[in-house]
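Have a look at the structure below, then the notes.
The values are calculated or read from the model by the stated rules, or taken from the named source; none is laboratory data. What you see is a predicted model; the values in this text were computed from it and never measured. These accessible areas exclude ligands, DNA and RNA; they are computed on the full protein's heavy atoms, side chains included. Shrake-Rupley method; radii C 1.70, N 1.55, O 1.52, S 1.80 Å.
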Amino acid sequence: MKKTVMVSAVAMGLSLAFSANAQAAQPSVTKGYAEGVYAEYSAASDRDMRFEVKTLASGNLKELEGRSFGEIVGMPRYHIEASEDRFKLRNGRFNEDLGQFDRSDLDGGVEGFDEVGLPVAMGSYRRLAVTASVGGRARVHEALEMCWQEQAHCVVFDPSIVFLDSIVQNRRQAAAAGYAPTVRYELRPQPVRPLDGRATATLAACALASDPRYISKWLTWAPWTQKYKNVYGMTLVTKNLGGQQSGIRCDASCNPAPFGYSNSSSASGTLGYGTDCGNKYTYGKSGRTGRWVAETKCAHRFSGSARADVTVKGTGASVNLAWDTNGGIDSNGGYFTDTCGYF
């Protein structure tokens, strides 16, 4: 009964969403969907984490009715975790100290798909053996790929990588949107020759050392929304990451004038997920070198205190932000450092 209540709460909305957006979200479903998901996850870690996928069994999804996902693929013995930083996965690791974690997908079963517009009778599955290599260690666990060819929809349930499918889909959507900081410049003024017209071998003007054609440069990270969904497509965590900007302008005395902004972020969670967000900007100068830092981060955590606290550390052009976080992290923003001089 618990399983049915959780899924039914959003069944109608999700059914419409799958029907209207299936082709846009999944342009095609072919063999090897799961292999593509693991390859994308590995690529996000710069191949620090690697995966080998083998098919143990396959068939019609109805074959799995009456069994929970935990019974089909087993309970996790570890979680594969990583720190997320602007769609990159850093510091991959096996975490064997699982503590409290979200068991709702593990306790659910394929019957829940009927309620969100994905008929079990029309689905297929592959039970997978996943060999994960992280930090020189290799371990094996099982996962489940489920596909609906007519709805052009697939999902991978991996009990050892929380929100695996959502992480990959977020990354793919960002790539499709061309997500990256926009970079803008202000041309330096042209040197003025003496009024008497005397020839001068070199007429110097103030400019940025990184590119003397410009007197100002700034990076802008647009606002971004991240969503994490369960196996049925229900959104459990939403993060609205605020826009950030970092720039340097050379002033009339050819000294750096850092500028920018840091907009706040918001997040929400449901069914046991808590969230927290933080943001800050800071800047400093050392001689003719300036630096501006603007960042925001949001954390999510199941059955615990998510944390995203930030303080300023360092001075001058070495100033930075120090984050104290707990949970799954998403971030936006960055820094820009440059030097002003005569060229």
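Which pairs in the list K227/K313; K217/K285; K88/K227; K88/K239 are over 27 Å apart, alpha-carbon to alpha-carbon?
Values: K227/K313 31 Å; K217/K285 16 Å; K88/K227 16 Å; K88/K239 17 Å.
Going by Cα-Cα distance, K227/K313 fall outside the 27 Å limit.
How far is helix 11-25 tilted, in degrees, relative to the longest principal axis of the Cα atoms in the chain, given as a value from 0 to 90 rounded to the nearest 10?
With rounding to tens, the tilt is 60 degrees.
Taking Cα atoms, how many degrees apart are the long axis of helix 164-176 and the longest axis of the chain, rounded to 10 and kept between 0 and 90?
Its long axis makes an angle of about 40 degrees.
Per residue, how much accessible surface does region 285-343 expose to a 1.4 Å probe? Answer in Å², no decimals.
Value for region 285-343: 43 Å² per residue.
Hey, what number do you get for the chain at 222 nm if only DSSP H runs of n ≥ 4 count, each worth -39500 (n - 2.57), divided across all residues, to the nearest 500?
-4500 deg cm²/dmol, from helical runs alone.
On a 0 to 90° scale, report how tilted helix 33-44 is relative to the longest principal axis of the chain, with both axes built from alpha carbons and the result rounded to the nearest 10.
Computed tilt is about 30 degrees.
Whenever you get a sec, line up T182, T315 from highest to lowest accessible area (probe 1.4 Å, protein heavy atoms). It would help to have the intermediate numbers written out before the result.
Working: T182 70, T315 110 Å².
Ranked from most to least accessible, the order is T315, T182.
Give the carbon-plus-sulfur fraction of the accessible surface of the chain in %, rounded to a whole number; probe 1.4 Å, heavy atoms of protein chains only.
Details: 8140 of 16510 Å².
The C+S portion of the solvent-accessible surface of the chain is 49 percent.
Reachable lysines from K31, Cα under 18 Å, same-chain residues fewer than 8 places away excluded?
Cross-link targets: K54.
Using alpha-carbon pairs under 8 Å, 6+ residues apart, how would you state the relative contact order of region 44-194 in percent?
26 percent
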